[in-house]
Amino acid sequence: MRFPTRPLLGALLGTGFLMSAAGPALADEIQEQIELGLELYQAQDYGAAITELEFAINDMRKLLSDRIADTFPAAPAGWTAAVVESQSGAGGMFGGGTMLQRTYTQDDGNGQLEASLVVDSPMIQGIAVLFNNPAMMAAQPNTERVRIGRESAMLKWEPNRSQAEATLLLDGRIMMQVKGRNLESSDVAVELLRNWDLRAVREETAR
């Protein structure tokens, strides 16, 4: 039995998602991959169809990562921000989720910040248990709750090591974190997390 290619292709491509900051070239390539995958499926060449569609999915993840990368905060005054890097995939510690990272270095010092955003990874479930249990959070050494807008975040500050870790969990599936070392205080890590565009993060990671 053959299935109509165009209606299904339209459902996959008609959302406008493929047209992103990555430009139309990658979007055109994804469309070709999906079309070829459907043709191979109709020819009952299932292995080749899966391979082609997996390439298309990976490329769509790249487009999604580009959009999420734009939500990262700019460097604080006196700091320089590196390019956002991404890692996606079905395996590894992210378990099929997506992770993006950006490093910030202090211009006139040894301070370093690393902002990361993880979406739809099983590792978030363990952290959610801690966020949903105030007593458990309070029992963590050198840890306190801080406000990021209307959201609650967790701050761990170790002054003897000059290290900070500020973590925010959104909607049970998005983890935003800023880790810092060689810091005079935790303030710069918390402020970087506060400067993240939470509304844009939710919009770009929406299912």
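Does at least one position in region 129-141 carry a residue that is surrounded by 12 or more Cβ atoms within 10 Å (Cβ to Cβ) and of a type in the set (Val, Ile, Thr)? No, every residue in region 129-141 fails to be surrounded by 12 or more Cβ atoms within 10 Å (Cβ to Cβ) and of a type in the set (Val, Ile, Thr). Taking region 142-175 as the range and being surrounded by fewer than 15 Cβ atoms within 10 Å (Cβ to Cβ), of a type in the set (Gly, Ala, Ser) and touching a residue at least 24 places away in the same chain (Cβ under 8 Å) as the test, the residues that pass are GLY149, GLY172.
Of the residues making up region 95-118, those that are open to solvent by 10 Å² or more (accessible area, probe 1.4 Å) and either among the β-branched types (Val, Ile, Thr) or at pLDDT below 70 (or both) are GLY95, GLY96, THR98, THR103, THR105.
Within region 119-128, if we keep just the residues that are touching a helix residue (DSSP H, G or I) at 6+ places or on another chain (Cβ under 9 Å) and surrounded by 13 or more Cβ atoms within 10 Å (Cβ to Cβ), the residue that is modelled with the lowest pLDDT turns out to be MET123. No other residue among ASP187, ASP197 is open to solvent by 20 Å² or more (accessible area, probe 1.4 Å) and touching a residue at least 24 places away in the same chain (Cβ under 8 Å) apart from ASP197. Among the residues of this structure, GLY23 does not count as one that is at pLDDT below 90, open to solvent by less than 70 Å² (accessible area, probe 1.4 Å) and in contact with a Pro (Cβ under 6 Å, 6 or more places away or on another chain).
The values are calculated or read from the model by the stated rules, or taken from the named source; none is laboratory data. Remember, predicted model here, so these are calculated numbers, not experimental data. With ideal geometry, Cβ positions are generated from the backbone for all residues, glycine too; neighbour counts draw on all protein chains shown. Quick note on the areas: whole protein, heavy atoms, side chains included, nothing else; ligands and nucleic acids left out. Shrake-Rupley method; radii C 1.70, N 1.55, O 1.52, S 1.80 Å.
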